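Let me begin by presenting the structure, written as structure tokens, before commenting on it.
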Amino acid sequence: MNVPAPADGWRWLEAGLRTGDVLNPGDDAREHVVYFVRADRDGLMTHRLLTFVAEGRARIRRVALELLDQLCFPPSDWPLVADAAERALDDVDPSVRLAAARLLVKAAEPARAMSAFNDSADPIVRTALMEVMPWQRIRRHRAILERLRTDPVAAIRFLANIALLGRDESPVRDAAIRADLEASIAALNTPGSAGQRWAWALAGVDREEDCCLFAERLTDSAGSESVRLEGVRMAAAAMCEWRAAPARVTPMLIRILQEEPSGVRAAALDALAASVTASRLAADELAALADDPHLGATAATALGSAGDHRAMPHLVRLLLADSDQPRLTEAFRVLARAGADPEAPVTAARRILATHPHHSEPERAMRVLAAFGPGAAAAVPELIVRLQQAVNDTPDWAMCVLGRIGPAAAAAIPYLREYPIQAATHALLEITLDRAPADRSLANCPERLLRHGRFAMDLLNWLAGNGGLTARQHRQLRSLFETPGSTRVATAGALWLHEGPAAAEELLEVLPEYLSDDRYALAALRVLTAMGPHAGPILDRLDRFVAARQRTRFHSGARDAAAMRMDEALVTEAMALRQRLGRITTC
């Protein structure tokens, strides 16, 4: 294939393929490739990538195939790329063959991928094709899967039996899956491990009891570490699928925590930490592990995220040590809402501010201060220094924290007034409680705001809770609420504050539609809670939501730990609202 290169050559692309950076969202080389492939799917850029697939070193060949896999935008039928992927099924490198098989399923029609599966004798290729094959689009797929239950490759048999799982219990099929699981662990790639795949298949037919039971059996201490690890992963997947699963599997995970250090023990802690419900059930065990040199950070963060005050000294040490725990800030927020003493975390954050270079804001310390709001008033002097010494960066985080602190940050007022920007204006509103600047800003905005900006919406929301809206501001709020999209939820609380029961019918029509949106469900529930008895018409819907056995299926489609925790939070809010409405209706 002889395609001319740009004048400066293709070294930039080869470098990205060699390091693998081109697979990372946001990478400059990747953005360049995406732009040109979107513009011309069979153009120069695609041809150059295919040259690397055919001629590059093994790592470059694999990364090029994986990049093309990521570039398979709908419609997925891409004959040029499918041809290259099929040729690469015979590559000498196993990782290249694996990537080629996965790409072929995406780029080719299902019949062509199935034909490649039937023609191949390579276990790596056949397993990779089997993992991602769209069986529902394959003609007579059930008959094919039944035949594959006796395939000579254990991973093929495992995947076939998984795909054929039904709602009715089948001891023979379950036993066959268990028999092939250990041999399949190393052969499977993505998505999901062997235990996760089994759990997902059981979730698809709502076999909660069986899933938890199999997880417990796999973690038996007599099993190999690899099988026990799959049992823990199966338990973690079960918690993501069913609301009662944490109570069922937590005792088993706690027992594993009592064992000697191992990968299985660490995985059990991760599984417990992923669920707020499980973390509360295992609170004493987490507290006992908080000083562990290897597991302590995860245990303390989980304990804090469950609202347990015993976590605070450990979290403060993690903050000062610049820990990479991804949920550390979340743990501080939960503890702040639970009424924890702010002195230690605020002191730690102040120390970080005092030692951090002035030209850059330490975001985590700022987030911790923001979580404690007025309780972080002791940090006002350090925040003022940020305002005074900012050179190249606008100190947005300092302004945000000062606003959260509120009137106790009055000393910062003259410094905030030196910044004619929205963040400073909003902070001044929160500190001075003077609505005049907000009135002036909104007076300069059109009456129909439509998509005029988040700032105007924030001002209207603030005014609705601090003195109310003028007639013109009410019309501006209405224009935002009547605009389809997320602004309806974002302005619903202000609309309720201003209009009261007159808006109830509209709000009850809009808000329930967002209960399956992981971004706005909590906000919608909180407005419904504020509506009190006027939210009564959704009582039946709340009852169904709270009584559901399975987790909420959010619009994002996620079924991971973050979605599980969002569902847990929603259930807590919904139960509180349900109890409040129940008390009202019985009075």
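Below are the figures for this structure:
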{"item": "Any hit, region 2-9, residues being touching a His at 6+ places or on another chain (Cβ under 8 Å) and over 23 Å from Leu129 (Cβ atoms)", "result": "yes"}
{"item": "Region 6-35 residues that are under 23 Å from Ala58 (Cα atoms), paired with ones that are part of a loop (DSSP other than H, G, I, E, B) and modelled with pLDDT of 90 or more (beta carbon under 7 Å, 6 or more apart)", "result": "Gly16/Asp27; Asp21/Asp27; Arg30/Asn24; Val34/Leu71"}
{"item": "Members of region 395-414 that are closer than 23 Å to Arg364 by Cβ and either in contact with a strand residue (DSSP E or B) (Cβ under 9 Å, 6 or more places away or on another chain) or open to solvent by 70 Å² or more (accessible area, probe 1.4 Å) (or both)", "result": "Asp396, Arg404"}
{"item": "Residue count for region 67-82, restricted to those that are exposed (fewer than 15 other Cβ atoms within 10 Å of the Cβ) and of a type in the set (Asp, Glu)", "result": "1"}
{"item": "Filter pass, Leu507 being in contact with a Leu (Cβ under 8 Å, 6 or more places away or on another chain) and surrounded by 14 or more Cβ atoms within 10 Å (Cβ to Cβ)", "result": "yes"}
{"item": "Out of Asp439, Asp458, Asp434, sole residue that is part of a loop (DSSP other than H, G, I, E, B) and either within 29 Å of Pro374 (Cβ to Cβ) or open to solvent by 60 Å² or more (accessible area, probe 1.4 Å) (or both)", "result": "Asp434"}
{"item": "Search result, residues across region 517-552 that are touching a Lys or Arg at 6+ places or on another chain (Cβ under 8 Å) and either open to solvent by less than 20 Å² (accessible area, probe 1.4 Å) or within 30 Å of Gly192 (Cα to Cα) (or both)", "result": "Gly532, Leu542, Val546, Ala548, Arg549, Gln550, Arg551"}
{"item": "Candidate set from region 177-204 (those that are open to solvent by 20 Å² or more (accessible area, probe 1.4 Å) and of a type in the set (Val, Ile, Thr)); member that is farthest from the chain's Cα centre (by Cα)", "result": "Ile185"}
{"item": "The listed residue being basic (Lys, Arg), under 30 Å from the mean Cα position of the chain (by Cα) and open to solvent by 60 Å² or more (accessible area, probe 1.4 Å), out of Arg87, Arg38", "result": "Arg38"}
{"item": "Qualifying residue in region 353-364 (condition: part of a helix (DSSP H, G or I) and closer than 30 Å to Gly468 by Cα)", "result": "no"}
{"item": "Helices (runs of 4 or more DSSP H) wholly inside region 84-150 that include at least 2 residues being closer than 28 Å to Thr46 by Cα, at pLDDT 95 or above and not polar (S, T, N, Q)", "result": "94-107, 110-119, 123-132"}
{"item": "Region 192-238: number of residues that are at pLDDT 95 or above and of a type in the set (Ser, Thr, Tyr)", "result": "3"}
{"item": "Test: Ala502 is among the aliphatic types (A, V, I, L, M), assigned to a helix (DSSP H, G or I) and within 16 Å of Ala523 (Cα to Cα)", "result": "no"}
{"item": "Criterion (open to solvent by 20 Å² or more (accessible area, probe 1.4 Å) and free of Cβ contacts under 8 Å to residues at least 24 places away in the same chain) met by exactly one of Leu213, Leu229", "result": "Leu213"}
{"item": "Unmet criterion (only one of (1) over 21 Å from Ala113 (Cβ atoms); (2) open to solvent by 70 Å² or more (accessible area, probe 1.4 Å); (3) in contact (Cβ under 8 Å) with a residue 40 or more places away in the chain) for His47", "result": "(2)"}
{"item": "Some residue of region 277-285 being open to solvent by 10 Å² or more (accessible area, probe 1.4 Å) and touching a Pro at 6+ places or on another chain (Cβ under 8 Å)", "result": "yes"}
{"item": "Of all residues making up region 298-340, the number that are touching a Lys or Arg at 6+ places or on another chain (Cβ under 9 Å), of a type in the set (A, V, I, L, M, F, W, C) and open to solvent by 20 Å² or more (accessible area, probe 1.4 Å)", "result": "1"}
{"item": "In region 390-431, the residues that are touching a His at 6+ places or on another chain (Cβ under 9 Å) and assigned to a loop (DSSP other than H, G, I, E, B)", "result": "Ala390, Val391, Asn392, Asp393"}
{"item": "Complete set of residues in region 94-109 that are surrounded by 17 or more Cβ atoms within 10 Å (Cβ to Cβ) and farther than 18 Å from Arg59 by Cα", "result": "Leu104, Val105, Lys106, Ala107, Ala108"}
{"item": "Conditions (1) of a type in the set (Gly, Ala, Ser); (2) open to solvent by less than 70 Å² (accessible area, probe 1.4 Å); (3) out of contact with any Phe, Trp or Tyr (no Cβ under 7 Å at 6 or more places or on another chain): number failed by Ala371", "result": "(3)"}
{"item": "Enumeration of residues in region 570-579 that are touching a residue at least 40 places away in the same chain (Cβ under 8 Å) and surrounded by 15 or more Cβ atoms within 10 Å (Cβ to Cβ)", "result": "Leu570, Val571, Glu573, Ala574, Leu577"}
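The values are calculated or read from the model by the stated rules, or taken from the named source; none is laboratory data. Please read these numbers as outputs of a predicted model, since none were measured by experiment. We place every Cβ from the backbone using ideal geometry, glycine too, and count neighbours over all the protein chains shown. Ligands, DNA and RNA are stripped out before the accessible areas are found, and what is left, the full protein with its side chains, is counted by its heavy atoms. Shrake-Rupley method; radii C 1.70, N 1.55, O 1.52, S 1.80 Å.
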